[in-house]
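Every number in this text was worked out from the coordinates using simple rules, so none of it is lab data. Source: prediction; values computed, not measured. Here the Cβ positions follow ideal geometry from the backbone for every residue, glycine too, while neighbour counts run over all protein chains shown.
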Amino acid sequence: MRKSYRIKKEAEFQAVFDHGQSVANRNFVIYYLQREQPHFRVGISVGKKIGHTAVMRNQIKRYIRQTLLEAKPELNPHADFLVIARKGASRLDMAGTRRNLRHALHLAGLLQDHIEEV
């Protein structure tokens, strides 16, 4: 994803945490905040408790980014959201990540058309 689609600054992360709403399933937590902007922005967080090595954490982040890239046309363009991985995310493959993350995005109301169920 291009840099304009990312939330990187601590102040922006904190604004979504403080003023946004949250939903969760077993593997992901989504914090989201509606804003007027041309496209969505996303922040991804995978803590050291989830994947003990940087290789594992980066793999989880790649799976999340790829899922968001595939869902880009369906995502609400007027939202900032954070995807936070939980412990179970380390056991998921790409298909499992896609299914679980799309479910969490649907719970948050960020997907326009939701077909898959967990």
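Note on 40, 17, 81: ascending count of other Cβ atoms within 10 Å places them as 17, 40, 81, the fewest first.
What separates the Cα centres of segment 39-118 and segment 1-17 is a distance of 15 Å.
How charged is the neighbourhood of residue 39? Take every other residue with its Cβ under 10 Å from the Cβ of residue 39, and add Lys/Arg as +1 and Asp/Glu as -1. Spelling it out: positives minus negatives among the neighbours equals +3.
Helix-only arithmetic for the chain: the sum of -39500 (n - 2.57) across DSSP H runs with n ≥ 4, divided by the residue total, places the mean residue ellipticity at 222 nm at -11500 deg cm²/dmol. In terms of other Cβ atoms within 10 Å, 105, 75 run from fewest to most in the order 75, 105.
Remark: the residue 72-residue 29 segment gains 13.6 nm on full extension, using 0.36 nm per residue and subtracting the alpha carbon distance.
Annotation: amide H-H contacts under 5 Å for residue 43 (H modelled 1.01 Å from N, sequence separation of 5 or more, or interchain): 7, 81, 82, 83. Ranked by the mean number of other Cβ atoms within 10 Å per residue, highest first, peptides 2-11, 44-53 order as 44-53, 2-11. Here are some values of Cα Rg over 2.2 N^0.38 Å: (1) 0.98; (2) 1.27; (3) 1.19. Which one was computed from this structure? This structure yields the entry labelled (1).
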